[in-house]
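Heads up: the structure comes next, in structure tokens.
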Amino acid sequence: MEDSTSIISPDERTEIINSYRKLLRVTTGILDTSDIRQVRQSIDSILKKNGFSRRLSGRLSILHSLAVSRIVFEEMGLGRTSLISALLYDTVCRSGMSVEEIKKQFGGNVAGIMDGLIKVSELYQRNTSIQSENFRKLLFTFAQDVRVILIIIADRLQTMRTLQLYSEEQQLSISSEVSYLYAPMAHRLGLYSIKSEMEDLVMKFTNRDMYKFIARKLNETKRARDKYIKEFIEPIELELKNHNLKFDIKGRTKTIHSIFNKMKKQKVEFEQVYDLFAIRVILDSDLKNEKADCWKVYSIVADKYQPNPSRMRDWLSIPKSNGYESLHTTVLGPENKWVEVQIRTHRMDEVAEKGLAAHWKYKGIKGDQGLDNWLANVREILENPELNAVDFIDDFKLNLYDEEVFVFTPKGDLIRLPKGATVLDFAFDIHSQVGKKCVGAKVNLKNVSIRHVLQNGDQVEVITASNQEPKQDWLNIVVTSKAKSKLKQALREIQYKEAEFGRETLVRRLKNWKLELTDQLTGQLVKHYKYKSVHDFFRDIAIEKLDVMAIKDFVQHQARKEQEINEVSAGVRSAENFVAPQPDEEDQLSDDVLLIDRNLTNVDYSLAKCCNPIFGDDVFGFVSVSGGIRIHRVNCPNAPDMHNKFSYRIVKAKWTGEAGGNYLTAIKVVGEDDIGIVSNISQVISKEFHLKIRSINVNSTEGLFEGTISVFVNNNQILNTLIKKVKSVRGVLSVSRIDAII
């Protein structure tokens with residue numbers, strides 16, 4: 001990562017001495033003689049042991065640490081503990097100095113912060129993707145003390161300030177990291193100045209041309225802008241003095257990054273961005289009069305210039321979650337230009353610039369002990385949301401991720417799981433096939449069972465076996481919804497295989513008894529044994545919960561009843577003597593659509609309910625007992641019986657002419673039980689195909705739905721096209737035509 005050498009140039013030695021002296025000057029009263037001596041001894045000891053280490057930029061690590069320490073103190077307002085930690089951070093992380101050694105020299109407070117900083121350093125060394133939400137959450141998990149996060153932000157800011165020393169590839173990588181993670185984090189902590197500088201520096205190295213363009217434009221318009229600001233301020237300044245208010249008022253040009261965002265958002269050129277600057281009124285006001293004085297200033301500004309009601313922002317009544325308090329309004333200034341005015345007190349302004357650190361100051365906390373007590377109080381509040389003692393921190397929950405654990409794959413990829421997650425959860429998170437074959441794992445190189453509960457930072461290697469299959473009791477081991485869903489799906493697949501085996505068993509046994517399993521018979525069996533689905537019926541046969549001999553008795557009983565009915569019409573040999581019944585309206589067909597055996601004339605016919613033929617199907621006619629001819633599909637479930645036992649009743653039939661009328665048919669759809677899927681299917685049928693739906697029946701179980709849709713079509717080509725289209729609907733697993741329509 002960096003080169004270590006004891007050789008430094010004279011210029012570098014001078015820079016170290018000057019930086020060190022500057023730090024001592026600005027921290028007078030914060031670090032005592034003992035602190036300074038201990039810090040110097042620690043750094044000297046590390047340097048003697050490891051030499052002067054350098055960063056990727058080539059810059060000495062000690063110079064970086066001195067600069068970070070000044071940011072921590074001057075720009076964040078942190079105290080002794082944070083200052084010492086910042087001084088030691090970079091050097092200690094590169095030397096391997098233990099937390100115990102730090103604790104002996106500087107005490108538990110510094111050691112606690114250093115422990116968090118070292119863990120963050122180790123996290124980087126894992127090469128985990130910084131662009132991962134998990135990285136940010138793990139960072140918070142390691143940072144039990146908010147000062148760890150603040151020092152890391154200071155470290156990143158100093159890196160950005162020296163980014164020109166890095167290679168172009170490193171510049172892009174570091175800028176991406178700061179843009180994605182640390183600038184938003186600074187904003188969350190209320191560090192507005194640092195957040196703004198980070199965003200500008202990111203743009204400087206990632207969008208150089210636009211950055212230079214806006215910087216040049218701002219420079220070109222500076223004189224005119226300053227003149228306008230002066231003209232705008234003068235009448236307000238006069239009125240504020242007349243009201244005996246103590247204040248500072250100034251114009252502040254907005255950052256290059258924020259101007260660029262406005263250009264993108266408003267889709268305008270630089271010249272069309274009207275709010276390039278903001279006027280800030282900062283009051284010297286007592287705490288009890290702050291809000292009243294701010295509203296008094298607002299009233300004065302609104303009297304002088306017309307306010308825009310839609311651009312009013314009141315963060316006095318309800319401060320932002322990061323503690324930001326201010327009153328913003330946009331008014332119409334001279335030359336009919338809109339100007340943003342920000343009204344706040346000195347306390348509010350310092351909080352806006354320095355964030356949480358300023359809150360510590362204004363809470364009246366003195367010294368590190370008070371600060372540590374305050375931080376402990378914050379953590380207590382975060383762990384118990386019912387308490388509300390510190391309003392400004394409510395939304396910034398360092399312990400937000402306490403209910404999650406972060407573990408690593410052998411390759412170093414970061415996986416986020418809920419607290420209490422097991423090895424089996426991890427396996428299913430990797431892949432459903434890995435989960436189904438999981439027999440255990442190696443966690444931190446130690447063998448554990450699938451029930452082992454994972455902890456933060458564990459490295460997990462899943463162990464699988466080809467003969468392993470999911471078990472029902474695994475549902476009691478997993479805690480993640482993903483694992484439960486994948487596991488239930490795997491168990492259903494096993495159950496479907498069992499059901500198929502049960503069906504094959506029943507078909508084979510019936511065949512031995514000279515019987516055949518038809519869809520009609522299956523429906524009768526399911527109804528007789530009171531099963532909710534055919535799937536459950538066949539599965540119980542497979543697991544021997546349902547006696548096949550009992551099924552045989554029922555089937556033979558049904559066969560005898562059918563035989564008795566058939567014997568009544570045993571002598572019937574032609575259709576000429578039949579008296580045709582009145583067919584249903586939907587079964588009525590015209591003679592020019594269906595051509596029946598040429599030897600038969602003036603014969604009424606209807607479509608059989610057991611297979612519901614439609615125009616275009618291969619069909620035949622069957623002379624029914626009650627008279628007339630029933631038209632069946634060639635592949636009707638009952639066709640084999642009719643051909644074998646009653647071949648003398650079979651007559652030829654075929655469709656002729658063009659399709660006409662509507663034919664009732666039905667499809668079975670199986671899919672994932674998601675909200676809106678049935679609606680999407682019906683939309684396809686009625687809106688895309690303009691077909692009339694007669695009925696939709698849907699049953700849902702364990703995340704799957706099984707639906708039967710009855711629909712009118714003109715011919716089988718339309719039906720086949722419809723089936724293909726419905727299959728393409730997201731979430732649909734299978735679509736098939738149904739023979740019998742109930």
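The values are calculated or read from the model by the stated rules, or taken from the named source; none is laboratory data. Because the structure is predicted, anything quoted here is derived from the model rather than measured. Positions of Cβ are generated from backbone atoms using ideal geometry, with glycine treated the same way; all protein chains shown enter the neighbour counts.
What the table below lists for this structure:
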| quantity | calculated |
| --- | --- |
| Residue, farthest from P418 (Cα to Cα), within the range 472-485, restricted to residues that are part of a helix (DSSP H, G or I) and touching a residue at least 40 places away in the same chain (Cβ under 8 Å) | W474 |
| Cβ-Cβ under 6 Å pairs, at least 6 apart or on other chains, the range 486-511 side β-branched (V, I, T), far side in a helix (DSSP H, G or I) | T505/I541 |
| Where R37 falls short, out of the listed (1) over 45 Å from the mean Cα position of the chain (by Cα); (2) buried (at least 16 other Cβ atoms within 10 Å of the Cβ); (3) modelled with pLDDT of 80 or more; (4) not in a loop (DSSP other than H, G, I, E, B) | (2) |
| Output for the range 407-428, where each listed residue is surrounded by 21 or more Cβ atoms within 10 Å (Cβ to Cβ) and either among the charged types (D, E, K, R) or part of a helix (DSSP H, G or I) (or both) | V423, L424, D425, F426, A427, F428 |
| Within the range 696-719, considering residues that are over 14 Å from V669 (Cα atoms) and more than 38 Å from the chain's Cα centre (by Cα), the one surrounded by the most Cβ atoms within 10 Å (Cβ to Cβ) | V713 |
| Residue in the range 66-84 that is surrounded by the fewest Cβ atoms within 10 Å (Cβ to Cβ), counting only those that are among the small types (G, A, S) and within 14 Å of G29 (Cα to Cα) | G77 |
| Matching residues in the range 698-742 - criterion: being without any contact (Cβ under 8 Å) to a residue 12 or more places away in the chain and touching a strand residue (DSSP E or B) at 6+ places or on another chain (Cβ under 9 Å) | N720, K724, K727 |
| Candidate set: the range 317-348, residues that are within 36 Å of the chain's Cα centre (by Cα) and surrounded by fewer than 19 Cβ atoms within 10 Å (Cβ to Cβ); chosen: the one nearest to N289 (Cα to Cα) | S317 |
| Qualifying residue in the range 489-499 (condition: closer than 30 Å to N444 by Cα, assigned to a helix (DSSP H, G or I) and of a type in the set (D, E)) | no |
| Single residue of R633, R649 found to be more than 18 Å from T721 (Cβ to Cβ) and modelled with pLDDT of 85 or more | R633 |
| Residues that are modelled with pLDDT of 80 or more, under 15 Å from I84 (Cα atoms) and of a type in the set (A, V, I, L, M), drawn from the range 11-34 | L23, L24, V26 |
| Residues of the range 167-199 classified as in contact with a helix residue (DSSP H, G or I) (Cβ under 8 Å, 6 or more places away or on another chain), under 24 Å from R59 (Cβ atoms) and outside any helix (DSSP H, G or I), total | 1 |
| Tabulated pairs, the range 59-83, first in the same structural domain as G112 (by TED's automatic domain parsing), second part of a strand (DSSP E or B), C-beta under 7 angstrom, 6+ apart or interchain | L60/F52; L60/R54; S61/S53; S61/R54; I62/F52 |
| Wholly within the range 649-742, strands (runs of 3 or more DSSP E) carrying at least 1 residues that are under 29 Å from D536 (Cβ atoms) and out of contact with any Pro (no Cβ under 7 Å at 6 or more places or on another chain) | 663-672, 692-701, 704-713, 732-738 |
| Conditions (1) more than 20 Å from K337 (Cα to Cα); (2) in a helix (DSSP H, G or I); (3) not polar (S, T, N, Q): number failed by D303 | (1) |
| Options V297, V268, V273: the member that is modelled with pLDDT of 90 or more and among the aliphatic types (A, V, I, L, M) | V297 |
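For every residue, the table says whether it meets (1) farther than 28 Å from T159 by Cβ; (2) in a helix (DSSP H, G or I); (3) in contact (Cβ under 8 Å) with a residue 24 or more places away in the chain.
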| position | (1), (2), (3) |
| --- | --- |
| D209 | no, yes, no |
| R216 | no, yes, no |
| K241 | yes, yes, no |
| S258 | no, yes, yes |
| K265 | yes, yes, no |
